[in-house]
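The values are calculated or read from the model by the stated rules, or taken from the named source; none is laboratory data. Remember, predicted model here, so these are calculated numbers, not experimental data. Cβ placement follows ideal geometry from the backbone for every residue including glycine, while neighbour counts extend to all protein chains displayed. Accessible surface areas use protein heavy atoms only, side chains included; no ligands, DNA or RNA. Shrake-Rupley method; radii C 1.70, N 1.55, O 1.52, S 1.80 Å.
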Amino acid sequence: MTHDTMRQIDEDLTQERTHLSDLPEQWLQTHRDLVTAVRRLMHAAATTGADIEDLRRSADLVAQASELVEKELRPGVLLGEFASPATTATAHTRRIGVHNPSWIPLEISSDGTTASATVTADALAEGPRDCLHGGLGAWLMDCMLGLLIESTGRTCVTAQLDLTYLAPTPLHRPLNLYATADSASGRKVWVNSWIECDGTRTVEAKGLFIEPRR
């Protein structure tokens, strides 16, 4: 990671963005409902066998809905955070993806040294037939590692992520995701994560994360 890249990350971190805690719960719940509906539409669009007329009508309806929500746009997606650093005595839970339809929804629990989550991927995540796309496996691992570090109160970015694909990761079956802290030195943090299905590891990852200079 170059100095220019780190400098850009530092600048991005200082831009004013909207956090979940800035918004009333009624708005957040309504937005979650919208995201759930959009995710349902995405799955239907990817797997539909509807006739041409229904496809055209659906496209028109989606365009109308887009015009409604595009009337007021934020500079980026909503940001979430842990209320305070987790400890081995009190685990914290963070939900990601519930306000962004392009993400696989995850509910990650962390005690500051370990993190875990369970997810079932659908057709939108397919790579090889009936299997999770390898890039999305990497995304899941990056989420687990990043959220584990974030739960300690540190804000870090991915510097290196090494993955080993041990076996195909199936769709439509519960996947158990895990992450553990390895070591830290100064601004650098090393962490490990993996995916299991029915007790079999399918993906392993090792990550190096760096805390940007303030």
- Task: Using the structure shown, decide if residue 104 is aliphatic (A, V, I, L, M), under 28 Å from residue 32 (Cα atoms) and in contact (Cβ under 8 Å) with a residue 60 or more places away in the chain.
- Result: no
- Here are some residues: 124, 140, 175. Which one is of a type in the set (A, V, I, L, M), within 23 Å of residue 36 (Cβ to Cβ), at pLDDT 95 or above and touching a His at 6+ places or on another chain (Cβ under 7 Å)? 124
- How many residues of the range 115-156 are among the hydrophobic types (A, V, I, L, M, F, W, C), open to solvent by less than 40 Å² (accessible area, probe 1.4 Å) and under 20 Å from residue 207 (Cβ atoms)? The answer is 14
- Query: Which residue, of 63, 86, 50, is surrounded by 10 or more Cβ atoms within 10 Å (Cβ to Cβ) and modelled with pLDDT of 95 or more?
  - Reply: 50
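Look through the range 157-181, keep the residues that are assigned to a strand (DSSP E or B) and under 30 Å from residue 48 (Cβ atoms), and return whichever of them is most open to solvent (accessible area, probe 1.4 Å). Steps first, please.
Keep residues of the range 157-181 that are assigned to a strand (DSSP E or B), which gives 157-165, 170, 175-181.
Imposing the further condition that a residue be under 30 Å from residue 48 (Cβ atoms) reduces the set to 170, 175, 177.
Values: 170: 24, 175: 0, 177: 0 Å².
Here the residue is 170.
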